[in-house]
């Protein structure tokens, strides 16, 4: 499929085209996989601080932290994606992301194993998300797959990942 | 011509009526003279249809004036000003038929300004003012100042827009309204110069509004000038009241007034222009008005208000809250404690004091007295009493008690329902009261007072009281209770708060309450408050709302459970005890209860509720905190009570999804986040269980 065909297709379906996806990404690791977050969504990166557990919430919610007087939730991205929780290591950090929803701006912490670098990924190096089939963690979380130095980087749609409405049924489906 | 003459006569009359004082014969005579002129104008106007209509109105007016002469009181004056209003409406309609392009505006606003000329101004300027300057008036002046300044700010904005090409009718209307308001209030306060200027400007603007003049160039300039002039005069007024000196503007209004008039007179109605020579305004007049009783002013401080975006206030309060936390962190830091320096200690205690004061000021910014809501309730109860055919006395006390602004608004709704209930169901009809040996007149007392760190709002009636049997019967009929279930007295009373617990039919006749009472509970709980009922059959019922002082800060009790720390609002804590073995009771080995001096309360293990792993499992080594929510008491088993402290409530934010049993979070002294428990929900879990079992009408208890 040529790039132009693909662009045309994705425009029809409302998915951002590869051209829109090109840009700078914060690359981080979960287990031995690489993920990318659009740099514009990232507010800051903080080391692992005391997280206050919030009872009776979803498993993937690690709790809340005090970010300079503001209380923000922190989610464990591994658990959110249906992976096993990893041990908190030296490299474990919280990426503070901010994204817009219909209810306004939401600030959240995302717990990841390790932050690697900021990469600029060109449109040519971005593949559309493959179809994973039904019943698995859906491709909806993934904007595209970036390639850099033979690495494969899953570019996450963080808004989708974090928005509660999308998340629940998916996790249920994944654990079912 | 005749029409123009008539117009001017009516305007003069309107101005005269505004300035009339019932005790001032001279002003009444002026009105009389104006009326005569008006009559002459009508008679000289020939036989045209519109004028006949006016003549009728005019005659009616003269009759009213006759009444006025005999008994010149406020009522007659009111009638007169109504009549003038009608006359003006009449002129307005005919004027519009003359000028099809004229804007259709409400009669009062239209006519107050329509073609008014210096005649009117002179009339107002020469009438002596009679308002006594007491504290109320000073208060009014304060309000007038801040309101007018708001208005002038708006006017500036509009003028700028017009200057930049916005020629919409809306813009001119906006300007007109500003000057109209200033004129109205200034007239009422007898600030004659301001009235005159506002009035003259308004007149011109009205012409612009009607489309006969165009608001541009020179006219726009003059409105700019007038706005600036009004502002300067307001400044002088402020200074005058504060120093309790006389208010006499140093500004020379004549030039501006004349410019305004000239620009207004662009269109031909010549007759109105006749008395157009500028009338020098005698400062003495307004001096007498303000300095009528200078001793009463005695350096009065104006209570002025500033309108501030509520978000900003909230932000400030939140930041002050942060400061309190940081201050606690600094003062309690072990590194600081190591310093033996007396100077550091003094500074720290000074810091603590300033922080507390600042917190106080911050909280006060949101506080308003409950008087406004209370008075509304008093009015409503009068209406209700009349409608229901019951005589009642409505007593208020503690109206000056201050509460958080947003809460004052939120208590209005519950109060309405409670008062309606008290009148409808609580108070008996007069004959029943007489039989019970009570006075015909029922009494409802609404009071507000401080109780501990909270505010109590109490509504008491001396009616028949709650009838527990009737409520229980109703609850059984509605399926809220199993046929054989019994409840304690206070639980029974709480049933009236159940949603849909309508007593509309059967219970109303017997007694009982409950109409809209679920609203009461919901609203009060939303404010983290509590409702309690105390009632004596035949003597009356008292509802008490216990509300926190502010929504932003609460007194909290921090408890530990395993590694977790939670904050329980102190308002909901009844007591805490370390249970001994014989206080603990279990049912079927599963449902735990605590026997607290004969009171059997359900015992909830926080560890189980919040799935805490490493908590103390032996209750005799732990602490039971007795909490009260939804009118129910529940024992909550925690490891220990850590401390009591004030915390600033923060929202848990979005993105967490539902957070059951929690109402918010706070930042603790060590910078960590503490979670605040939602006591009502926690206490409610036991109610749900009970109701579930009641609905199943099964006697087997549910497992926690």
Length added when fully stretched, residue B:641-residue B:431, from 0.36 nm per residue minus Cα-Cα | 70.0 nm
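Quick check on the stretch B:553-696: what does the Kirkwood estimate of hydrodynamic radius come out to from the alpha carbon pairs, in Å?
15.7 Å
As an exercise, use a Förster radius of 51 Å and the Cβ-Cβ distance of residue B:409 and residue B:341 to find the FRET efficiency, rounded to the nearest 0.05.
In this case the efficiency is close to 0.55.
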Inter-chain shielding metric for A:49-62, i.e. average beta-carbon neighbours from other chains within 10 angstrom, reads 5
Can you list the residues of the stretch B:590-629 with backbone N under 11 Å from a point 7 Å past the Cα of residue B:577, pointing along Cα to Cβ?
-> B:594-601, B:624-626
Across the residues of A:63-69, average count of Cβ atoms on other protein chains within 10 Å?
-> 6
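Want the number for residue B:231 to residue B:262: 0.36 nm per residue separation, take away the alpha-carbon distance, what's left?
So the chain would gain 8.9 nm between residue B:231 and residue B:262.
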Just report the Cα centroid separation between the stretch B:417-468 and the stretch B:176-214, whole Å.
-> 50 Å
Relative packing of peptides B:588-595, B:561-568, B:220-227 - highest average C-beta neighbours within 10 Å first | B:561-568, B:220-227, B:588-595
Taking B:396-408, A:113-125 and ranking on average Cβ neighbours within 10 Å, highest first, one gets B:396-408, A:113-125
R0 of 56 Å, Cβ-Cβ distance residue B:611-residue B:29: FRET efficiency to nearest 0.05 = 0.05
In Å, the Kirkwood hydrodynamic radius from C-alpha pairs for the stretch B:368-548 sits at 16.5 Å
Per-residue average of Cβ from other chains inside 10 Å of B:656-665 | 5
Using a Förster distance of 41 angstrom, determine the FRET efficiency expected from the C-beta separation of residue B:331 and residue B:310, and round it to 0.05.
-> 0.85
Sorted by mean Cβ packing within 10 Å, highest first, what order do the peptides A:46-59, B:142-155, B:198-211 take?
-> B:198-211, B:142-155, A:46-59
In angstroms, what radius of gyration and Dmax does the stretch B:310-365 have, counting Cα atoms only?
-> 13.3, 44
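Every number in this text was worked out from the coordinates using simple rules, so none of it is lab data. Quantities reported herein were computed from a predicted structural model and do not represent experimental measurements. Positions of Cβ are backbone-derived with ideal geometry, glycine not excepted, and every protein chain shown enters the neighbour counts.
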